[in-house]
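One structure below.
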Amino acid sequence: MSLGPVRLANRVVFAAHLTNFASDGMPTPQHTAYYRARAEGGAGLIITEEQITAPGDRPYEKLIRGYDPAVVQHYRTITDAVHRYGTRIFAQLNHNGGQSSGMYTRAAIVAPSAVPDPLFREVPHAVDTDEIADVIDGFALVARHCVEGGFDGVELQCSQSSILRGFLSGATNRRVDRYGGDLACRARLLLEVVAAVRAAVGDDIAVGVRISGEEHVENGTRLDEAVDVARMLAATRQVDYLNTTVGVATATLHLVEPSMATPRGYANHVPRAIREAVSIPVIGVGRFKDPEQANSAVAEGVCDLVGVVRGQIADPDFVAKARAGSADRIRMCLSCNQECVGRVGTGRWLGCVVNPRAGKESIALQPPRRRASMHVVGAGPAGLQAASTAAQLGHRVVLYERARELGGQIRTAARVPGRVELRSLVDTLAGECERYGVDVHAGVNIDADFLRTQSPAAVVIATGARPVRPAWAGGSATVIDVRDVLEGRACPTGSVLVYDELGFHQGTSVAEHLADSGCEVTIATNAMVVGQDLDSTLDMEGWQRRAYDRRIVELTDVIPIEHVTNTLTLLHHPTGIRSTHHVDWIVCSLHQAPETELWNKLRGSDFELYRIGDAVTPRRANAAILEGDSVARACFSVPQH
């Protein structure tokens, strides 16, 4: 497959995405190791995160200053590392325009018109003709730096967050000069930038453009307009390929980086329509989770190349495993957005729930000083990860689980239709345990005396956490926990109030589940917003739409203070006003308590003793996976005296 002058080994693209690895505006060894791992894993093309083209553009702290000549030497380190594996690497160039921020620069941001972005809410300065010339020159300068840095191509971001997109979109371009008005005028800046970049890089470097097929905002770009822009770009004969996306950061970011509640293939209509209109290659993106899905998209004419980002974050060897016929061994992305989107959104470097090594590729791993026997108690995600990693390191591992099925609370959470993909996490880990020879015992209760008779060298406690019954519930049998519902121990009917103090999927998922089963559902929380942490994973918009469709009532800023005979009294804590609610059932989504009994009984034993995951304190799956991996690597790493 070729993109203009650049020949690719395959059609899988590791498309541009923010990592937050930069330091003082420069790429770091963390970047090099991160991209190298995906090249070694078989990606045909890597497109780096955006390289900023103007000093005044700084929407977030850890960006890369592509306009600074000092960046070239760092580029060369990255490109040399990637080229070693036969993978091609492009750099994405961008100016965020009105989607930037003055937080760091203390200066006005610029845009085609004085239209504030809904996230940053800053009114931008509308650029004049001289400033437009500076924008064009900035793209050309960074393109030259990329050539000097050894990149095989450059991609202009005109998609989710870009001044070029801002000029294209009727939602943000209200100009009346030659850069505003009809689509041809709104596309003028993009075409001028393309011409300047092509002149800067010559004919031996590929040039691509990433556009948004649909913005899903009022007066924003529609698919028919995106197709027209694609035709304009192809007609220049200066563009070698087109990349795509759906949505716009920040207003519809949940479509750019969709969660698992979004159907696979949701964006396929965009690259398909553009591909039918132009003769240059088109990259399709949007929830491509497995090789079969990617192959089908190419075979069915959806796109020429497939962007697999989160899939290759989750497993850098995604392509290599697929080509070797081992797709069943790929650690599939969950589309949970917890450690990639969620961490990056808070200014931290990128991670992954599924892959504890994501973002840590530059940290060398040390082999254990000796290999010995390890017994792991509890086969939730923490225990499964510990057992899998330890077995791969050569330890003799025995895994015990009191339930008949492995997976712990992750398997419970996956029983809700919109969260089914969570199962792949524990199914993959269970498969690894089997493949690497872990001796698994399910449906058994293990006590301290038994473990001591086995004389293990190390014991890892991963016994999880248990629900805590709230004091206000008394002895009522109709006050239950979300796990009682999802694990089938209770089947509420009639009117149900879900009380949620966790602010994540536990409460909202069970509310949807109960509404779908015919219950009249109210969800109440002590927070200002129901499911407040869903914002960080871009699940809030979907939840609100589904809750509206299911007529789920939402109550906020309330605390239960008394429950008597199916009557719950809630206190509105900002005002002190009390209200009573007559409901048939109350389902609680509350903080849990760690299961510590076995840990306490084993303390002081002759073997190495560890505890991980919720057995330490209840948290989310990312903590379980990280601790499972790290404890397996820590075992037997200290010299024995």
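Where a number appears in this text, it was derived from the coordinates with a stated rule and is not lab data. Note that the coordinates shown come from a computational prediction; the quantities given were computed from them, not determined experimentally. Here the Cβ is made from the backbone with ideal geometry for all residues, glycine too, and neighbour counts use every protein chain on show.
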Scattering from the C-alpha atoms of segment 245-288 alone, worked out with Debye: what is log10 I(q)/I(0) at q = 0.23, 0.25, 0.28 1/Å?
-0.78, -0.87, -0.98
Give me the angle, in degrees from 0 to 90, between the Cα long axis of helix 223-235 and the longest principal axis of the Cα atoms of the chain, rounded to the nearest 10.
50 degrees
Can you bin every Cα-Cα distance in segment 471-591 into 5 Å intervals starting at zero and give me the percent of pairs per bin, rounded to whole numbers?
2, 12, 24, 25, 21, 12, 4, 0
With x for Gly and Pro, the residue-by-residue ³J(HN,Hα) of segment 370-387, computed from phi through the Karplus equation 6.51 cos²θ - 1.76 cosθ + 1.60 at θ = phi - 60° and given in whole Hz, is 8, 10, 8, 8, 10, 10, 10, 10, x, 10, x, x, 5, x, 4, 5, 4, 5
Would you work out which of SER630, TRP585, GLY613 lies farthest towards the positive end of the dipole of segment 567-637, given +1 charges on the beta-carbon of Lys and Arg and -1 on that of Asp and Glu, about the Cα centre?
TRP585
Neighbour-count ranking for ARG7, ARG611, ARG633 (other C-beta within 10 angstrom, fewest to most) reads ARG7, ARG633, ARG611
Highest average packing first - 224-236, 381-393, Cβ atoms within 10 Å
381-393, 224-236
Relative to the first principal axis of the alpha-carbon coordinates of the chain, what is the inclination of helix 71-83, with its axis defined by its Cα atoms, in degrees from 0 to 90 and to the nearest 10?
70 degrees
Extreme residue, positive dipole direction of the chain, given options ALA387, PRO258, CYS185 (C-beta unit charges):
ALA387
Acute angle (nearest 10 degrees) that the helix 29-40 long axis makes with the longest principal axis of the chain, alpha-carbon atoms
90 degrees
About the Cα centre, and with charges only on the beta carbon of Lys, Arg (+1) and Asp, Glu (-1), how big is the dipole of segment 471-591? Nearest 20 debye, please.
260 debye
Normalised alpha carbon radius of gyration of the chain [divisor 2.2 N^0.38 Å]:
1.04
Kindly provide log₁₀ I(q)/I(0) values, in the same order as q = 0.22 Å⁻¹, from the Debye equation applied to equal alpha-carbon scatterers of segment 107-242.
-1.39
Can you divide the C-alpha Rg of segment 2-344 by 2.2 N^0.38 Å and report the result to two decimal places?
0.91
By per-residue mean of other Cβ atoms within 10 Å, what is the highest-first order of 115-122, 475-482?
475-482, 115-122
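Over all directions, average the projected area of the Cα convex hull of segment 582-641 and note it in nm².
Values: hull surface 24.8 nm².
Average projection, Cα convex hull of segment 582-641: 6.2 nm².
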Computed [θ] at 222 nm, deg cm²/dmol, the chain (DSSP H ≥ 4; -39,500 (n - 2.57); rounded to nearest 500):
-9000 deg cm²/dmol
Please report, in debye to the nearest 20, how large the charge dipole of segment 2-344 is about its Cα centre when each Lys and Arg carries +1 at its beta carbon and each Asp and Glu carries -1 there.
700 debye
